[in-house]
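Here the structure is laid out as structure tokens; the discussion comes afterwards.
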Amino acid sequence: MTPRSLPESPAPHRVVALLQPPQSTFPLACASEVFADHGPVIPVRYAFEVCTEHPGPVRTQAGYDLLVTTGLDALERADTVLVPGWQQPAGTEASAAVIDSLRRAHGRGARIVGICSGAFLLAAAGLLDGRRAATHWAQAAELAARFPRVQVDAAVLYVDHGDVATSAGSAAGVDLCLHLVSADQGAAYAMRVARQMVMPPHREGCQLQYAELPTSGPVADSLAPLLEWLSGRLDQPVSVAEMAVRSQVSARTLTRRFGEQLGISPGRWLLDRRIAATRALLEETDLPVETIAHRVGLSSAVNLRRRFHEALRTTPAAYRRAFRADEAGRKADTVSSGA
């Protein structure tokens, strides 16, 4: 069955990145790629722009300047404010104007996102008080020491509270941004963006950061080839023993590697991928639940409904209805705005 086409959005979700010298270029590039215009194959759902406190050249850590012409007033029209790193010398505090702008944006309902060291600015604005937050593992102790009211989680890739979200190191920012796209636009849209970027499905926030490598001895083999192989065979039953044979290790060794590299078991990782594929099929097709269950390797409609409810606290039918209702609302808004 041909997937249903994705509807156009009447008003793109505006993402504004707040920059500050010396700006880290990698997390900024990652965010701009996720929220960029991906061409005619993917409907435009986001508008991405940058701003800074003092418009003009913004020095970067890469040795060149970015010309940013928009000031803090851009935050007043943002749906999401994104802080792609915040590299400030020790003892330097964010200006009162930046803190006030961030608090005002949050107060009127904008989502505030900190990538990597961007969590420091969110903490300075008081947006993380009493909440879990992620940042790069090497900066976790500093964040906890400077902001004791923040519950710093040095292990996870990202933490999303809905109105505020933080991620670990730069690459984890891609995972967080794709997670936010999935929350905003649905799993199918996020998967299309990931494919366009030649990215694998995003990692779940509970997965571990790669904090340390062994100081001696061989480095454990990457799970990437196995994960890619599994992603292409979701419709087939695969046991841990079969995964181990594929990886040419024992089942015990494979399970240990999943724990070390991803923080979850092989079975949990595979189930997460199957739930993500289920969401995409519910959003994009009219396939019955029984057919979807077989396509994603969950064997039966009964098993799919149970697993889906455990993961998302809703049923496949209710999820599909809610997504279609939201889609219908977008179309209605498009018609009314064009009238």
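The values are calculated or read from the model by the stated rules, or taken from the named source; none is laboratory data. Everything numeric in this text was worked out from a predicted model, so none of it was measured. Here the Cβ is made from the backbone with ideal geometry for all residues, glycine too, and neighbour counts use every protein chain on show. Please note that ligands, DNA and RNA were not included when accessible areas were found on the heavy atoms of the full protein model with its side chains. Shrake-Rupley method; radii C 1.70, N 1.55, O 1.52, S 1.80 Å.
Could you check, for the range 47-54, whether at least one of its residues is out of contact with any Phe, Trp or Tyr (no Cβ under 6 Å at 6 or more places or on another chain), surrounded by 15 or more Cβ atoms within 10 Å (Cβ to Cβ) and either small (Gly, Ala, Ser) or touching a residue at least 60 places away in the same chain (Cβ under 8 Å) (or both)?
As a first pass, look at the range 47-54 and keep what is out of contact with any Phe, Trp or Tyr (no Cβ under 6 Å at 6 or more places or on another chain): 47, 49-54.
Then keep just the ones that are surrounded by 15 or more Cβ atoms within 10 Å (Cβ to Cβ); that gives 47, 49-53.
Right, trim to either small (Gly, Ala, Ser) or touching a residue at least 60 places away in the same chain (Cβ under 8 Å) (or both) and you get 47.
Yes: one or more hits.
Taking the range 138-200 and the helices (runs of 4 or more DSSP H) fully enclosed by it, the elements with 2 or more residues that are at negative phi and modelled with pLDDT of 90 or more are at 140-146, 170-185. Out of GLY114, GLY107, one residue alone is modelled with pLDDT of 95 or more and out of contact with any strand residue (DSSP E or B) (no Cβ under 9 Å at 6 or more places or on another chain). It is GLY107. In the range 58-98, the qualifying residues are those that are of a type in the set (Asp, Glu) and farther than 13 Å from ALA125 by Cβ, and the one that is most open to solvent (accessible area, probe 1.4 Å) is GLU76. All conditions in (1) touching a strand residue (DSSP E or B) at 6+ places or on another chain (Cβ under 9 Å); (2) free of Cβ contacts under 8 Å to residues at least 40 places away in the same chain hold for GLY91, with the sole exception of (1). Residue-level analysis places PRO27 outside the set of residues that are crowded, with 17+ Cβ neighbours inside 10 Å and assigned to a loop (DSSP other than H, G, I, E, B).
Within the range 13-40, track down each residue that is among the acidic types (Asp, Glu) and under 16 Å from the mean Cα position of the chain (by Cα). Within the range 13-40, just GLU33 meets the criteria.
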